[in-house]
Amino acid sequence: MKNLNIAVIGASGGLGSAFVRVLADEPSNVVYALSRSGQVKTASNIQAIRIDYAEESSIVDAVAQIPVRPSLDWVIVATGILHDENMMPEKALGNLSQESLAHNFLVNAIGPALVAKHFIPLLRRDRPAVFAAMSARVGSIGDNRLGGWYSYRASKAALNMLIKTASLEVSRRQKQTVVVGLHPGTVATALSEPFQARVPEGKLFSADYSAGRLTAVIERLRPEDSGKILAWDGSEIPW
Ligand SMILES: NC(=O)c1ccc[n+]([C@@H]2O[C@H](COP(=O)([O-])OP(=O)(O)OC[C@H]3O[C@@H](n4cnc5c(N)ncnc54)[C@H](OP(=O)(O)O)[C@@H]3O)[C@@H](O)[C@H]2O)c1
């Protein structure tokens with residue numbers, strides 16, 4: 001994992017900041033760290049850039065700050081929302097609201113899709129390249145046995161379809177580019193914080209551990225993996 005140019009979107013988050021740490025630890029890598037504040041911890045091989053899914057123009061502006069193209073080896077989307085001060089995941093249909101459905105879809109599906117639109121053309125074509133977006137096992141329709149969390153599940157299922165569809169298009173013109181969704185496991189970040197008490201012993205990963213395992217998964221990707229949703233241990237998650 002040397003001499004790579006990598007963009008991490010959501011670099012202020014638990015997992016995103018861990019990806020930046022893990023990837024920039026190799027001094028020959030250059031990491032573009034994109035976040036809403038545009039203020040993440042920098043180093044000589046980390047460049048902070050601002051991005052906000054509320055404005056597509058901010059994604060266009062972010063792309064303009066990446067020099068020499070196509071130049072990126074990996075794009076890692078580590079943004080996402082499950083709860084905030086105005087919403088918690090729904091337990092029942094009666095809890096659904098237009099606002100929380102729309103907000104989950106904006107951050108978990110529409111934002112990553114627009115990042116794919118603007119960033120996939122930046123991926124280099126002369127060697128293997130990867131677009132990887134953080135999905136979640138609960139976005140699997142086939143794996144849904146518990147119910148609940150309507151907006152989050154549905155927005156991640158939509159993200160999975162966007163990933164699969166983009167993988168088919170990209171495979172026609174960027175034959176060495178792999179487009180995947182990744183499930184990081186249950187990770188100790190702000191996103192999982194209200195639910196960590198019910199995680200079984202030993203199943204709550206640190207962000208650095210998860211980012212390290214997912215980096216190993218990304219390194220092993222082959223063109224035939226494009227369109228898949230893969231977990232932190234490399235196993236495939238059903239649609
Ligand atoms: N943690 C887990 O257990 C777990 C499990 C399965 C899947 N995942 C997925 O992994 C990904 C990363 O999650 P995390 O645990 O690292 O969460 P986190 O610590 O809460 O980080 C979320 C990130 O998303 C960014 N974000 C939120 N709204 C945004 C918007 N409108 N525009 C641009 N960026 C926005 C946040 O930026 P700000 O700092 O500016 O708010 C932050 O960088 C998510 O897709 C999540 O669904 C996490």
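The values are calculated or read from the model by the stated rules, or taken from the named source; none is laboratory data. None of the values given here were measured: they were computed from a predicted structure. FYI the Cβ positions are ideal-geometry reconstructions off the backbone, even for glycines, and counts take in every protein chain you see. Remember, those area values only see protein heavy atoms, side chains included, never the ligands or the DNA or RNA. Shrake-Rupley method; radii C 1.70, N 1.55, O 1.52, S 1.80 Å.
Summary table below
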{"item": "Under 5 Å, built H, 5+ apart or other chain: amide partners of Asp52", "result": "Ser58, Ile59"}
{"item": "Helix 150-173 axis, angle to the chain major axis (alpha carbon atoms, nearest 10°)", "result": "30"}
{"item": "Under 5 Å, built H, 5+ apart or other chain: amide partners of Phe205", "result": "Thr186, Val187, Ala188"}
{"item": "Linear extension gain, Glu99 paired with Arg220, 0.36 nm per residue minus alpha-carbon span", "result": "39.7 nm"}
{"item": "Cα convex hull volume per residue for the stretch 1-134 (Å³)", "result": "114"}
{"item": "Share antiparallel - DSSP beta bridges, the chain, percent rounded to 5", "result": "10"}
{"item": "In Hz, Karplus ³J(HN,Hα) per residue of the stretch 29-41 (6.51, -1.76, 1.60; θ = phi - 60°; x = Gly, Pro)", "result": "7, 10, 10, 8, 9, 9, 7, 5, 6, x, 10, 10, 4"}
{"item": "For Asn29, distant residues with modelled amide H under 5 Å away", "result": "Asn3, Leu4"}
{"item": "Global geometry of the stretch 131-239, whether rounded, prolate or oblate, following the gyration tensor of its Cα atoms and the 1.5 cut on a/c", "result": "oblate"}
{"item": "The chain - charge dipole about Cα centre, Lys and Arg +1 at Cβ, Asp and Glu -1, debye rounded to 20", "result": "620"}
{"item": "Restricting the stretch 156-239 to GluC sites (Glu not before Pro) in coil, as DSSP defines it, with at most 13 other Cβ within 10 Å", "result": "Glu201"}
{"item": "Share of Cα-Cα pairs in the chain lying beyond 24 Å, as whole percent", "result": "41"}
{"item": "Cα centroid separation - the stretch 23-94 against the stretch 192-225, whole Å", "result": "18"}
{"item": "Degrees separating the helix 207-219 axis from the principal Cα axis of the chain, which is the longest one", "result": "60"}
{"item": "FRET efficiency, Thr165 to Glu201 (Cβ-Cβ, R0 45 Å, nearest 0.05)", "result": "0.70"}
{"item": "17 Å cut-off, amide nitrogen to a point 7 angstrom out along Asn45 Cα→Cβ, residues in the stretch 72-97", "result": "72-76"}
{"item": "Probe 1.4 Å, accessible area per residue of the chain, Å²", "result": "48"}
